[in-house]
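The values are calculated or read from the model by the stated rules, or taken from the named source; none is laboratory data. Keep in mind that what you see is a predicted model, and the values were worked out from it rather than measured. Cβ: placed from backbone, ideal geometry, glycine included. Neighbour counts: every protein chain shown. Surface areas here come from the heavy atoms of the whole protein model, side chains and all, with no ligands, DNA or RNA. Shrake-Rupley method; radii C 1.70, N 1.55, O 1.52, S 1.80 Å.
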Amino acid sequence: MTTQATTAASKFSSMRWVRWANLAFMLYLLLVAVSMVSGGFKWSVGEQAKTLFEFASHPVAGLMIGLIATALIQSSSTVTSIIVGLVAGGLPVETAIPMVMGANIGTTLTNTLVSLGHARCKEEFRRAFASATVHDFFNLLAVAIFLPLEMMFGILDKLSGWLVSPFLKAGDMSMDGMDFMKPLTQPAVDLVKGPLEAFGHNGGFGLIILGITLIFVSITLMGRLMRGLMVGRARDILKSAIGRGPLHGIASGTAVTVLVQSSSTTTSLMVPLVGTGVLTVREVYPFTLGANIGTCITALLAATAVSGEHAVFALQIALVHLCFNVLATVLIFGVPFLREIPLKCAFFLSDLATKNKAAVAGYLGLVFIAIPGSILAFTA
């Protein structure tokens, strides 16, 4: 009997390690998929991506351009890096500031799409969709507060100008070799990209479709694996790492996103955890705010690699991104009334989406297509 129990325990332990290995592989697959979508858009659009930013003289138009570009490219890091390059090329900082704000909103599309992987289970979808959209509503509220303030008083322009002043006489600060994720994901992306190169720019669209498909597959399988793994001690460890308190959650989100250099990825990884009940929306909320702050590292690294007469302004717009996210976190999360607004909106929308899936399409179409498109048409 003892021998049978030992054999069963050993078999269970082995199966558990296999599940952990599969989960790690699905996580890697998700990272590769996000890179495929980003790379696919850059491949299919090419240098034309920069033309999207050329008619952003009006602040609201600039906001919408940043939003649309990030929603398409699925990477606020990529868009803010492009903006840094444009400022280094002579684009005025005050023109670029609304674009950076728009990038914050556009990046939230990724985790909202990831939440659709839980659509088959009503309760899971309600939790997952709320977890995804709380990030959306926080960033929408942040822009609603800070864009008018910036237009009236130029607070981010002035604050970033003050912060950048000590760097005016700085030498070479290049840290552009600190991209930890690209060496891991790029070989797999290149492997998929190779056969598609025969189709020219159309291969980029193929890469996008494959990337989106892999996102759904990896998230679905991760959800199944997590339900079996995140019990007992494993669940307690994860909860203590993220759910220990708001400040710890913000710090964790910042640290993880600095390493991954993609807020879309880190916030998307939280969606299955909430969907499967490992964490709550309220526990993950501070983590997403930390992800907003952590994603600023990419633009800062890009800015340190810039040289020339406008290099200091490139660093300034990267600092604008950081200041905006830090101030938004301090103000909105620091004021109890404001802190609850994104949560209430996310819970309301998730309840609506659970009852009628058309609400999901309506929300995505309104926020990421209809409103930006109509505003751009009007301002043009």
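The figures follow:
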{"read-out": "Enumerated helices (runs of 4 or more DSSP H) restricted to the stretch 161-266, each holding at least 2 residues that are modelled with pLDDT of 65 or more and surrounded by fewer than 19 Cβ atoms within 10 Å (Cβ to Cβ)", "value": "182-196, 202-229, 246-260"}
{"read-out": "Of all residues making up the stretch 312-324, the number that are farther than 10 Å from G161 by Cβ and open to solvent by 20 Å² or more (accessible area, probe 1.4 Å)", "value": "1"}
{"read-out": "Residue count, the stretch 131-153 (criterion: open to solvent by less than 60 Å² (accessible area, probe 1.4 Å) and more than 15 Å from R339 (Cα to Cα))", "value": "6"}
{"read-out": "Test: residue in the stretch 331-350 that is open to solvent by 40 Å² or more (accessible area, probe 1.4 Å) and outside any helix (DSSP H, G or I)", "value": "yes"}
{"read-out": "Qualifying residue in the stretch 357-371 (condition: in contact (Cβ under 8 Å) with a residue 24 or more places away in the chain and not in a helix (DSSP H, G or I))", "value": "yes"}
{"read-out": "Failed condition for R120, given (1) in contact with a helix residue (DSSP H, G or I) (Cβ under 6 Å, 6 or more places away or on another chain); (2) free of Cβ contacts under 8 Å to residues at least 24 places away in the same chain", "value": "(1)"}
{"read-out": "Which numbered condition S81 fails, given (1) at pLDDT 90 or above; (2) open to solvent by 10 Å² or more (accessible area, probe 1.4 Å)", "value": "(1)"}
{"read-out": "Failed condition for V271, given (1) part of a helix (DSSP H, G or I); (2) open to solvent by 10 Å² or more (accessible area, probe 1.4 Å); (3) in contact (Cβ under 8 Å) with a residue 24 or more places away in the chain", "value": "(2)"}
{"read-out": "The lone exception for L327 - which of (1) part of a helix (DSSP H, G or I); (2) surrounded by fewer than 17 Cβ atoms within 10 Å (Cβ to Cβ) it fails", "value": "(2)"}
